[in-house]
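One structure is given here, and the rest of the page talks about it.
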Amino acid sequence: SGTGFSVEDNCYAYGSTYKPEGLLQQYADRMRFSAFGYLNDPTDDNRDGGVLRARQKYVGPNLIRPGQTTIANPAKEWDPSTGIFVTNPDGTDVTDTNTDFGVAVTNSGVINYVNKFGQEQRTYKRRDPVSELYYGVLRYLKNQGPVPAWTSAISTDANKTRLVDGFPVITRWDDPVQFACQRNFVLGIGD
């Protein structure tokens, strides 16, 4: 007959509130993450490719720099005091997408993309070309740049807002490999 409660193992205190945390938060001080996805096109079964939605980075409150002092992360994806997710931690990528494709993008970040993709348009891409998504990821890890044909049709498509789906489509890539002997992993999530 207990009057108290116990919190689940994945819940952490933010002030007097407990919030669940996922694996991205759990490993935020040890790993950098990025997110790739498809253009949100549920009507064209022949749409090719996968696009970079969030650059590889540390998502947590700390910016880890091996051999140097840890500093505050200007692109953190949640508030370390409240646990509330930041809606737009990667403002430059949002601005670039708005400019490049003429659509209103307000969300960014790895965690936001994993949590929210498909929600704005309430639809998902069908018949995913998973090998092309994997190829895009490998091109990113090798710093070879995106495949232009995979995003070139956005600007002229009548449904470009649906294609972009409220998140950045990053066409100017940076080199995700920052450290000698950096280990890289690819996790695919599909239907």
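The values are calculated or read from the model by the stated rules, or taken from the named source; none is laboratory data. Since the structure is predicted, the reported quantities are computational estimates derived from the model, not experimental observations. Virtual Cβ from ideal backbone geometry, glycine too; neighbours counted across all protein chains shown. To get the accessible areas, we keep the full protein, side chains included, count just its heavy atoms, and leave off ligands, DNA and RNA. Shrake-Rupley method; radii C 1.70, N 1.55, O 1.52, S 1.80 Å.
One table, with the values for the structure above:
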{"read-out": "Where the chain is the region considered: accessible area per residue in Å², 1.4 Å probe", "value": "58"}
{"read-out": "Nonlocal amide H pairs with F36, under 5 Å, H built at 1.01 Å", "value": "R53"}
{"read-out": "Cβ charges +1 (Lys, Arg) and -1 (Asp, Glu), total dipole of the range 43-172, debye", "value": "240"}
{"read-out": "Average Cα contact separation per residue, the chain, under 8 Å, 6 or more apart, as relative contact order %", "value": "24"}
{"read-out": "Computed helical MRE - 222 nm, the chain, DSSP H runs ≥ 4 contributing -39500 (n - 2.57), nearest 500", "value": "-5500 deg cm²/dmol"}
{"read-out": "Residues A180 and T87, FRET efficiency given R0 of 45 Å [Cβ-Cβ distance, rounded to 0.05]", "value": "0.85"}
{"read-out": "Rounded to whole Hz, the Karplus (6.51, -1.76, 1.60) HN-Hα couplings of the range 124-131, x for glycine and proline", "value": "9, 5, 9, 6, 5, x, 4, 5"}
{"read-out": "Spacing of the two label points (7 Å from each Cα toward its C-beta) at L187 and S6, in nm", "value": "2.6"}
{"read-out": "Anchor K76: lysines whose Cα lies under 19 Å away (excluding residues fewer than 8 positions away in-chain)", "value": "K19, K57, K116"}
{"read-out": "Whole-Hz ³J(HN,Hα) from phi, Karplus 6.51 cos²θ - 1.76 cosθ + 1.60, for the range 89-104, glycine and proline x", "value": "x, 10, x, 5, 5, 5, 4, 4, 5, 4, 6, 5, 10, x, 10, 8"}
{"read-out": "Accessible area of the range 1-148 belonging to carbon and sulfur atoms, whole % at 1.4 Å probe", "value": "51"}
{"read-out": "Inter-centroid distance (Cα atoms) of the range 143-181 relative to the range 20-88, Å", "value": "16"}
{"read-out": "Peptide ranges 15-22, 182-189, 54-61 listed from the most packed, as the mean C-beta count within 10 angstrom indicates", "value": "54-61, 15-22, 182-189"}
{"read-out": "Length-normalised contact order for the range 53-101 - Cα pairs under 8 Å, 6+ apart - percent", "value": "25"}
{"read-out": "Whole-Å semi-axes of the ellipsoid equivalent to the range 1-94 (Cα gyration tensor, √5λ, descending)", "value": "31, 21, 12"}
